[in-house]
Amino acid sequence: MQMLSKFASTTKKATLVAVLCLGFAVHAEALPTGYNAAVQFSTSGIADPAALPGAGTVGWSFSLSSDQIVGYLGLYNTDFNANTTVGIWNSAGTLLTSGVFDTNLTNVDLSDLPTSNFLWTAITPVTLGAGTYTIGAYSSADHFGAYGVAPTTLPGMTIVKSSLLSFNGALDKPTSDFSGVYANGFFGPNFAATAPIPVPTAFWLLGSGLMGLFGISKRKRTA
C-alpha cells in the first residue's frame with residue numbers, strides 16, 4: 001500500500017509538472033513569430049510624391065478575411081519635414097492604434113529601407129478581426145508618400161479603396177475617395193502583421209491524456 005501511495009504521489013507530481021510545461025508550450029506557440037508588410041511594391045520607377053493643397057490625412061481601406069496581429073506601422077520614406085502620424089480605424093471610425101514618425105526618427109526602424117524604402121515603428125500589438133479597416137498618415141507637410149503603384153498584399157487581405165483623403169487639420173480617418181484621380185493609391189502608410197498561430201490539436205490531446213492519468217492515480221490513492 002505504501003508503494004502504491006508513493007507511486008500515486010510521484011505520478012501526481014509528474015502530471016502537474018507536465019501540465020505546467022504544457023501551459024508554457026501553448027503560450028510560446030501562440031505568440032507571433034514574424035511580421036509581413038501589408039503592401040509591398042517595387043521601389044523602382046515610383047514618381048515623386050505629389051503635393052496636397054494643405055495638411056491632411058491620406059491612405060487606403062482594406063478588408064481582412066481572417067485575424068491579423070498588427071505589430072508595426074510603416075511610412076514610406078519620403079523627404080518629410082514634419083512629424084507624421086499613422087493610424088488604423090475600424091469601419092465605425094474608431095481609431096484602433098497609431099504611431100508617430102518624428103523628424104528625429106525616434107524609435108524608428110530603418111533596417112528595411114534598402115529593400116522596401118519603408119520606415120517602421122513598433123506598436124503594442126493589436127488584433128484586427130475579419131472586416132473592413134482604413135489606414136492613413138497625417139502630416140502638415142505637402143506630400144502623401146508613394147503613389148502610382150500596384151502593390152502585392154498579405155494573404156487574405158483585399159484593398160477596398162486605394163486613394164482616400166481627409167483635409168482636416170489633424171489625424172482623421174480619410175474618407176474622400178480620390179481613386180479616379182490616383183487609381184493606384186496613396187501607399188504612404190503601411191502596417192506589418194502576422195496571423196495568429198493556432199494551438200496544435202496534439203497539445204489538447206496531450207492535456208486530456210495527462211488529466212486522465214491524474215484521475216486514475218487519484219482513484220487508486222482513494223482506493
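The values are calculated or read from the model by the stated rules, or taken from the named source; none is laboratory data. Just so it is clear, the structure is predicted and the values come from calculations on it, not from any experiment. We place every Cβ from the backbone using ideal geometry, glycine too, and count neighbours over all the protein chains shown.
Within the range 167-186, can you find the residues that are under 16 Å from ALA141 (Cα atoms) and outside any loop (DSSP other than H, G, I, E, B)?
Passing the criteria: only PHE186.
Of the residues in the range 125-134, how many are closer than 21 Å to THR175 by Cα, of a type in the set (A, V, I, L, M, F, W, C) and exposed (fewer than 15 other Cβ atoms within 10 Å of the Cβ)?
Of the residues in that region, 1 qualify.
If GLY156 satisfies every condition in (1) under 18 Å from VAL58 (Cβ atoms); (2) surrounded by 13 or more Cβ atoms within 10 Å (Cβ to Cβ) but one, which is the exception?
Of (1) under 18 Å from VAL58 (Cβ atoms); (2) surrounded by 13 or more Cβ atoms within 10 Å (Cβ to Cβ), only one is false for GLY156: (1).
Out of the residues in the range 46-67 meeting the condition of being in a loop (DSSP other than H, G, I, E, B) and modelled with pLDDT of 85 or more, tell me which one is nearest to PHE186 (Cα to Cα).
SER65
Is it the case, given these coordinates, that SER111 is touching a residue at least 12 places away in the same chain (Cβ under 8 Å), out of contact with any helix residue (DSSP H, G or I) (no Cβ under 7 Å at 6 or more places or on another chain) and of a type in the set (Ser, Thr, Tyr)?
no
Out of all the residues in the range 97-119, which are surrounded by 14 or more Cβ atoms within 10 Å (Cβ to Cβ) and either under 13 Å from the mean Cα position of the chain (by Cα) or small (Gly, Ala, Ser) (or both)?
THR97, SER98, GLY99, SER116
Look through ALA122, ALA150, ALA137 and report the one residue that is in the same structural domain as VAL70 (by TED's automatic domain parsing), crowded, with 17+ Cβ neighbours inside 10 Å and either more than 16 Å from the chain's Cα centre (by Cα) or of a type outside the set (Phe, Trp, Tyr) (or both).
Step by step, each of ALA122, ALA150, ALA137 is checked, and only ALA137 is in the same structural domain as VAL70 (by TED's automatic domain parsing), crowded, with 17+ Cβ neighbours inside 10 Å and either more than 16 Å from the chain's Cα centre (by Cα) or of a type outside the set (Phe, Trp, Tyr) (or both).
Going residue by residue through the range 102-113, is there one that turns out to be in a helix (DSSP H, G or I), over 25 Å from ASN168 (Cα atoms), assigned by TED's automatic domain parsing to the domain that holds SER179 and at pLDDT 80 or above?
The answer is yes, given that some residue of the range 102-113 is in a helix (DSSP H, G or I), over 25 Å from ASN168 (Cα atoms), assigned by TED's automatic domain parsing to the domain that holds SER179 and at pLDDT 80 or above.
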